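Q: Please find one structure pasted underneath; my questions will follow.
The values are calculated or read from the model by the stated rules, or taken from the named source; none is laboratory data. Treat the numbers as computed from the prediction; the structure is a model and nothing was measured. In this analysis, Cβ positions are derived from the backbone assuming ideal geometry, glycine residues included, and neighbour counts consider all displayed protein chains.
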Amino acid sequence: MKWKNLMPADVVVVPGCFIDEYMKGANGEFVKVYLYLLRHQADVSEEEIADALDMTGADVRRALAYWTKAGVLEKTEPAGDPTVVIKPAPVPEKKPAKKQEKRTVDMALLERDEDFKQLIYIAQQYLNKLFTQTDTEILGNLYQNLGMSAELLEYLMEYCAENRHTSLRYAETVALNWKEQGVTTAAQAREASQNYNRRIFCVMKAMGLSDRGPGAAEKECIERWFDTYGFDEKIVAEACNRTLERIHKPSFPYAEKILKDWKDAGVKTFSDIEAQDRVRSASDKSRSGADGRGKIGKRPGQKSTRFDNFESHGYDYDEMVWNMISRNAGGNDGTE
């Protein structure tokens, strides 16, 4: 099936590297804001963007902060109101491809190896395919040159079949990852796979996305949260829960921001998060005054949106918007 564009040719040029390198990691709201800025050459205010795209001011600011951090936007502050300026998306530096050491497989020796012959038979049964010469050489390289046992490789075939992957190239990638992790036995591989699947399930369930598996960019986030940031499932699930509570939809970039802030703050345990919450709550009460409610005023000439800009007064915008919605539930206060 082919699709035809029915819109008139009022052209907006989108940098190719934005599509190739930046768009895939951003959520749809962020992409909408960037495209709108391209259309108007950034000669718009945050409030105008929010009105045009039917978004809150906080959503727009999060999008601008995301693209600024990514290096796609830059912010200038002239005498008047701050203006966001688009600059060309930098072309990512292409790293030279790693030269893979060519490994030769002694097929004559493998043909006399009963364990390997049995492995080939079992692998073909698991993957429901007849191996080509290349398939046999890939498995032979893992067995003969990388020293992986027949038992480990048999579990590798089982793992690939369970995940509906029949490509030996995919199996080779998994095997090389196991080798980097120090996995040498089928038991270790089974434990690594179970831990990975448990982490995936934990995050997708907390995000309310248990009806599907994660995409490539989402998998990268999940791996970073656990392997790079070193957080456990309880902390990652809490970040996902707070994401839903604050913006009412699953967002991996938003959860990433929460977890990155916690990492930068030195959070190691769930108790550290609770301690931060207590300090933050006390600070908010101190700023909001004796009656527990901050009185927020507008700047002269400020254009009204569905939510006023609380952040310029030092308040936590997301938290206050959530509290406003909760207090006014059931009443018509002008919010949707």
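Q: Condition check: surrounded by fewer than 19 Cβ atoms within 10 Å (Cβ to Cβ) and either in contact with a strand residue (DSSP E or B) (Cβ under 8 Å, 6 or more places away or on another chain) or not in a helix (DSSP H, G or I) (or both). Does Lys234 satisfy that?
A: Details: surrounded by fewer than 19 Cβ atoms within 10 Å (Cβ to Cβ): yes; either in contact with a strand residue (DSSP E or B) (Cβ under 8 Å, 6 or more places away or on another chain) or not in a helix (DSSP H, G or I) (or both): no.
Criteria not met by Lys234.
Q: If I go through region 246-278 residue by residue, how many of them are over 20 Å from the mean Cα position of the chain (by Cα), in a helix (DSSP H, G or I) and either under 21 Å from Glu223 (Cβ atoms) or not charged (D, E, K, R) (or both)?
A: The number of residues fulfilling the criteria is 5.
Q: What helices (runs of 4 or more DSSP H), lying completely within region 162-228, carry at least 1 residues that are over 14 Å from the mean Cα position of the chain (by Cα) and closer than 27 Å to Thr269 by Cβ?
A: Correct list: 186-206.
Q: Given the condition modelled with pLDDT under 90 and part of a helix (DSSP H, G or I), answer yes or no: does some residue in region 288-303 qualify?
A: Pass one, region 288-303, residues modelled with pLDDT under 90: 288-303.
Okay, now just the ones that are also part of a helix (DSSP H, G or I), so 288.
Yes, region 288-303 has at least one match.
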